Number of protein chains: 4
Amino acid sequence: MTTVALQPLRIDEAVRSTDDVVNILDKGFLALDGAFASDLAVSNGARVSFNLASQEMTARDEGLIRFLMRDHHGSPFEHGYFRFIVKAPLFVVREHHRHRAGHSYNEWSGRYSKMKAEFYIPSNVRTQVGKPGAYTFEPVDEATREAARGEIERQSLEAFAAYERMLELGVAKEVARTVLPLNMYTTYYWSCNPRSLMHFCSLRNSEFAQYEIRELARAAERFLERLMPVTHAAFVQNGRTAP
Amino acid sequence: MTTVALQPLRIDEAVRSTDDVVNILDKGFLALDGAFASDLAVSNGARVSFNLASQEMTARDEGLIRFLMRDHHGSPFEHGYFRFIVKAPLFVVREHHRHRAGHSYNEWSGRYSKMKAEFYIPSNVRTQVGKPGAYTFEPVDEATREAARGEIERQSLEAFAAYERMLELGVAKEVARTVLPLNMYTTYYWSCNPRSLMHFCSLRNSEFAQYEIRELARAAERFLERLMPVTHAAFVQNGRTAP
Amino acid sequence: MTTVALQPLRIDEAVRSTDDVVNILDKGFLALDGAFASDLAVSNGARVSFNLASQEMTARDEGLIRFLMRDHHGSPFEHGYFRFIVKAPLFVVREHHRHRAGHSYNEWSGRYSKMKAEFYIPSNVRTQVGKPGAYTFEPVDEATREAARGEIERQSLEAFAAYERMLELGVAKEVARTVLPLNMYTTYYWSCNPRSLMHFCSLRNSEFAQYEIRELARAAERFLERLMPVTHAAFVQNGRTAP
Amino acid sequence: MTTVALQPLRIDEAVRSTDDVVNILDKGFLALDGAFASDLAVSNGARVSFNLASQEMTARDEGLIRFLMRDHHGSPFEHGYFRFIVKAPLFVVREHHRHRAGHSYNEWSGRYSKMKAEFYIPSNVRTQVGKPGAYTFEPVDEATREAARGEIERQSLEAFAAYERMLELGVAKEVARTVLPLNMYTTYYWSCNPRSLMHFCSLRNSEFAQYEIRELARAAERFLERLMPVTHAAFVQNGRTAP
């Protein structure tokens, strides 16, 4: 009998086999790669103050979680774990990776492998109304929308063609990639804890955040809601302010 | 039919029901409360650089982990999670809680509940030989050992008696506790990731660390070894230097 | 001519030569050892969003800082630095050192040198009224106060005597120190940035914090007020919630 | 008499008035905006272990710093501060901003203001030789170099033209910017401490780092050397491994 080792898969293929995928942003996704997270761990992170541990969630534990959220007792929300695989355009990733405490990232590198010709072409093309600090956004008319999408698509393909021409000339990938645009997709692992996840969602699933990262944060928040429903409800009730 | 909610348990009782307890430091313990950790996640945290993901550990993945450890590529080791419950004397906890990045703690509070009269009485009573920066420790003779243990026990009980007398006078717990000694036990939740756990072990499961925190770190390292054997072997092979 | 190198000083002596000392908690202090902090750096940390930098504070910069504080834009408040020397009792330090992100500490070690017989004897002896989560504190009567202070002082001296007897027997400092009580003083360096300092003050210069750490936080906040008056005013106006 | 408030300046102009600018990467720079950093603070961060503080650097303090570096005692190196202004291409900034602990950033935002048509055109065009994990880079021949520079320049200008056409159509800046390439410049404030700065330099002023971020790290290391010469010498002597 021969044992054949499973070959590494492209991230896209690896993720497709999961149920826990939320498709976002044109060709992107957020996939839950694994989690160890519960409301009970939050409650017990607080009960340890009294040298106690709950064996299961009760109404009192739910009340305790609401109290912790409201009074900004953040540390009990750190005793859990979420690991995601993300596929998103670079301009979204640049914002995401600015989150530091309680977040870990490992990303596809354009130094080591050739990037793929996949680009985010926005459905939601909008215009900016108002002054800095108080912008609102409104959809553009259909003609402008198509013109913008055309510009973005054309520009993306031309950039990729220039990238490939340089690779054919023998230029190092790390040099050639510098012409690639911010709407190109990348993929990465993202680990966080319930507190840092809520902090991310409070800033990014917000009307002040750019639409695209808000889509990412909205998807992430769905997993918080599924795995930690009491915590999530308290978070929402508290105006989505992270504790 | 009546459903009776399970009552919160004392931490000691809650932990006793677990298999994953290592008894350390006289009356203390380190218990694994849960984990989501694997060598495969480390390998994939690196393979994502090439937009790939392994489906199972192979010899190549093992080699990759050894390479990451040796060349100090630390971030792929952050994609995992360990949660412990610890019971240890305060002087050990003071050292432990100095570890910041990638560590979360929630501890029993002497402000809110009465502490218990449990104190660490060392078996390993030693004397200090050599100069600062280069101490070694040697066991004391039996008479000195018994004298020291007697002093420590007597002093602990007297401190606790003074604590209780103040409580009886109506003095607030948070004031009365200030006479309690550093060998009193406390309990806490401790969450970390494989990288921060290795960083803790590299500094504390070390001949330069105090014996007591070394016992704690040694116990913690056993869980790393059990759940992430390839990572642990590479860590040891690399002189226990965290990546 | 002979040059005589200045000898290292005891921390207490070194600090006494500074103007920037706030005496707190009986025999303790908070001393500003140095700082590089300004309101202008906050404003510019925000103006860089527009690729601009202010050359001096104007009314518009003050308004900008108030806006940043109110809308929880925290990162511009990280571009500054405070370094303190602290002398405080261990039970206060235990709470202080739980603050992780943006805080650095280095502390006197009982492993390497003999501790001094200095103990915090509280003036403010109080009793606890109400239920967990909603305690209030009231002063005890004079007789109770004197009884408690007597207990604390006596217990401290007995603990120190036991410590010294063990040292005389040749027991290692790191073992002997374990009988010392939580009201003993230690000293340490503490570095932080304006944001992490405000986070500390928001949790500790609070009616929910223990009186003693509140005294420390109150002293620290005075230095924030002196060096960054606009930031401090916005912080207070915003209910002392850190951005 | 009329007082005219100084107007905010473009970052480029503001920086030009400083002596502390290192020009790097074509049109970029690293400017020291301020610092509070000394070897003495490192030494004292260690001496506090003995409750002592040095008043000036002596040969013993220098030896102490070398010992701390060699034996990985990292925390005394956190008691200092550097603030930089950086102008660099996006592909460099993406790598830089992955550094989390002990680093603070605030960056020019393409959401709020129009970007400038400034692009990094590499002098050092190279080819990649060898296998993943063990690449080396060699200069390309002159014809390839000119071809690559031409591609990069042409592609940059076309991308910017598409960006401007979309802005003229009324498309929001945050949407239009997504076609801009990774070699476009941005500017940002960067705060760090001596330890996190050394960690950055150990990973990025390294033969394994991409040439461009190495130039940034090399420039940053010059400021470490100027302000903390003993620390820097020990860092280099220790193989540029951060403590």
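Computed values, structure above
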| read-out | value |
| --- | --- |
| Per residue solvent-accessible surface (Å²) - region A:29-80, probe of 1.4 Å | 34 Å² |
| Accessible carbon and sulfur surface of region A:121-181 relative to its total accessible area, %, 1.4 Å | 53 percent |
| Per-residue average of Cβ from other chains inside 10 Å of C:54-60 | 4 |
| Estimated FRET transfer efficiency when R0 is 35 angstrom, pair C:Val129-C:Leu157 (beta carbons, to 0.05) | 0.70 |
| Shape category assigned to region C:113-232 from the gyration tensor of Cα positions, a/c cut at 1.5 | oblate |
| For A:Ala37, residues with placed amide H under 5 Å, excluding near neighbours | A:Tyr81 |
| Region B:44-91: Cα Rg divided by the 2.2 N^0.38 Å rule of thumb | 1.59 |
| Residues along region A:158-172 losing 40 Å² or more of accessible surface when the other protein chains are present rather than the chain by itself (probe 1.4 Å) | A:Met166, A:Leu169, A:Val171, A:Ala172 |
| Cα gyration tensor shape of the protein assembly as shown, rounded if a/c is under 1.5, else prolate or oblate by comparing a/b with b/c | prolate |
| Unit Cα scatterers, Debye sum, region D:1-123: log10 I(q)/I(0) for q = 0.10 Å⁻¹ | -0.52 |
| Peptide C:104-117 - average C-beta neighbours from other chains (10 Å radius) | 6 |
| Pseudo-label separations to other copies for D:Arg149 - Cα-to-Cβ vector, 7 Å, nm | 4.1, 8.0, 8.1 |
| Chain C: most fluctuating residue of C:Glu151, C:Glu118, C:Glu142 per GNM, C-alpha cutoff 10 Å | C:Glu142 |
| Probe 1.4 Å, accessible area per residue of region C:123-182, Å² | 45 Å² |
| Pair C:Thr241, A:Ile121: separation of 7 Å Cα→Cβ label points (nm) | 4.3 nm |
| Whole-number Å³ per residue for the convex hull built on Cα positions in region D:121-182 | 91 Å³ |
| Peptide B:25-38, shielding by other chains (average Cβ, 10 Å cutoff) | 2 |
| GNM top mover of B:Gln128, B:Gln155, B:Gln210 - chain B, alpha-carbon springs below 10 Å | B:Gln128 |
| Mean separation of Cα contacts under 8 Å, 6 or more apart, over the residue count of region A:121-181: relative contact order % | 25 percent |
| For the pair D and A, total buried accessible area rounded to nearest 100 Å², probe 1.4 Å | 4700 Å² |
| Per-residue HN-Hα couplings for region C:112-126 [Karplus 6.51, -1.76, 1.60; θ = phi - 60°; Hz; x = Gly/Pro] | 9, 9, 6, 6, 9, 7, 10, 9, 7, 10, x, 7, 8, 8, 9 |
| Simple Cβ-charge dipole of the protein assembly as shown, Lys/Arg +1 and Asp/Glu -1, about Cα centre, in debye nearest 20 | 0 debye |
| Relative contact order [Cα under 8 Å, 6+ residues apart], region A:30-129, whole percent | 35 percent |
| Region A:92-243: relative contact order in percent, alpha carbon pairs under 8 Å with at least 6 residues between | 28 percent |
| Residue-wise HN-Hα coupling along region D:157-172, computed from phi with Karplus coefficients 6.51, -1.76, 1.60 (Hz; x: Gly, Pro) | 5, 5, 4, 5, 5, 5, 4, 5, 4, 5, 4, 5, 6, x, 5, 4 |
| Mean-position separation - Cα centroids, region D:182-204 and region C:134-153, in angstrom | 52 Å |
| Across the identical copies, how the A:His72 labels are spaced - nm, sorted shortest first, 7 Å along Cα→Cβ | 1.0, 3.7, 3.8 |
| Where the Cα pairs of chain D fall when distances are cut into 5 Å bins, in % | 1, 6, 11, 14, 15, 14, 12, 10, 7, 5, 3, 2, 1, 0, 0 |
| Whole-Hz couplings from phi, Karplus 6.51/-1.76/1.60, listed for region B:186-199; x for Gly and Pro | 9, 10, 7, 7, 9, 10, 7, 10, x, 5, 5, 5, 5, 4 |
| Label-to-label distance, nm, for residues given as D:Phe67 and C:Glu142 (7 Å Cα→Cβ offset) | 5.4 nm |
| Cα-centred dipole magnitude for chain D, charges only on beta-carbon of K, R (+1) and D, E (-1), debye, nearest 20 | 520 debye |
| Candidate lysines - alpha carbon under 30 Å from D:Lys116, same-chain residues fewer than 8 apart omitted | A:Lys27, A:Lys87, A:Lys114, A:Lys116, A:Lys131, A:Lys173, D:Lys27, D:Lys87, D:Lys173 |
| Candidates D:Leu216, D:Leu182, D:Leu32, ranked by Gaussian network fluctuation over chain D, Cα under 10 Å, top entry | D:Leu182 |
| Per-residue [θ]222 nm for the protein assembly as shown (sum of -39500 (n - 2.57) over DSSP H runs n ≥ 4, rounded to 500) | -13000 deg cm²/dmol |
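The values are calculated or read from the model by the stated rules, or taken from the named source; none is laboratory data. If you're wondering where the values come from, they're calculated on a predicted model, not measured in any experiment. Methodologically, a virtual Cβ is constructed for each residue, glycine included, from the backbone with ideal geometry; neighbour enumeration extends over all protein chains shown. Just the protein is used for accessible areas: all its heavy atoms, side chains included, with ligands, DNA and RNA removed. Shrake-Rupley method; radii C 1.70, N 1.55, O 1.52, S 1.80 Å.
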